[in-house]
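Structure record follows, encoded as structure tokens.
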Amino acid sequence: MDKYAILILAAGEATRYGSAKQLAQYKGDSLVNGVITMAEESKIGQVLVVLGAHVDSIIAQLPRVDYIINKDWSQGMGSSISAGMESLSGVNYQGVFILLADQPLILKKHLDDIMSLRKLDQKGIIFSSYGTDQVGPPAYFDKKYFSKLVSLPPKVGAKKLYDIYREDSSLISYASAQATLYDIDTEADLIKLKRST
């Protein structure tokens, strides 16, 4: 049976938010713990959280989950993806899902939809659609792209591979994509989200 992993990126400093955004509360739990719970309940595979900034305060509130610390988190998201993928290298995973800790509206259904699309079209990269011209996480990468994720430049996100290997990529879109893929950048974003959900 194929094995899969879920990589949750939670290493950012959240400068625009002004504090440890990962620990901001939404529906009775922190943003990062909410994403962890959803990922674990999906039962897709191993869940690994990449930490960096605010690491001590976040670890103190994490549930029992595998995590690594990216000491180079300040260099950019690419460094966290690389660190996470290196940590996963000891297991023969068929693919990896990449999620962000600040997308509280992502549901198990979204991961199931990505898995179903992968089985249908056999593409090696799947991203979620934010609208007419924007794509982002949740994303999926087949194992043939693992080495390329490891070698991402620190300031470059995984979308770079979608741009390069467009012929082997698919998009999964939702009617309410902008709301579904809502990510929290500022405290105002979180207040707006709480008022609307």
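What relative contact order, as a whole-number percentage, does segment 4-196 give when Cα pairs under 8 Å and 6 or more residues apart are counted?
Worked out over segment 4-196, it gives 25 percent.
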Please check: in the Gaussian network model of the chain (C-alpha springs, under 10 Å), which one of Ile164, Ile126, Ile59 has the largest mean-square fluctuation.
Ile164
Helical contribution to [θ] at 222 nm, DSSP H n ≥ 4, -39,500 (n - 2.57), averaged over the chain, rounded to 500:
-9500 deg cm²/dmol
Taking the Cβ of Lys71 as the centre, find all other residues whose Cβ is under 15 Å away and add up their charges (Lys, Arg: +1; Asp, Glu: -1).
-4
Taking +1 at the Cβ of each Lys and Arg and -1 at the Cβ of each Asp and Glu, which of Ala20, Trp73, Ala5 sits farthest along the dipole of the chain towards its positive end, judged by Cα position relative to the Cα centre?
Ala5
The answer for the net charge of residues other than Val32 whose Cβ lies under 11 angstrom from its Cβ, with Lys and Arg +1 and Asp and Glu -1, is -1
Taking every DSSP beta bridge that has both residues in the chain, what percent is antiparallel when rounded to the nearest 5?
30 percent
How large is the charge dipole for the chain, taken about the Cα centre, if only the Cβ atoms of Lys, Arg (+1) and Asp, Glu (-1) carry charge, to the nearest 20 debye?
160 debye
Figure the gain on full extension for Leu117 and Val156 (residue separation times 0.36 nm, minus the Cα-Cα span) and round it to one decimal in nm.
11.5 nm
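A short reminder: the numbers here are calculations on the coordinates, not readings from a lab. Computed from a predicted model, the values in this text were never measured in an experiment. Neighbour counts run over all protein chains shown; Cβ positions are idealised from the backbone, glycine included.
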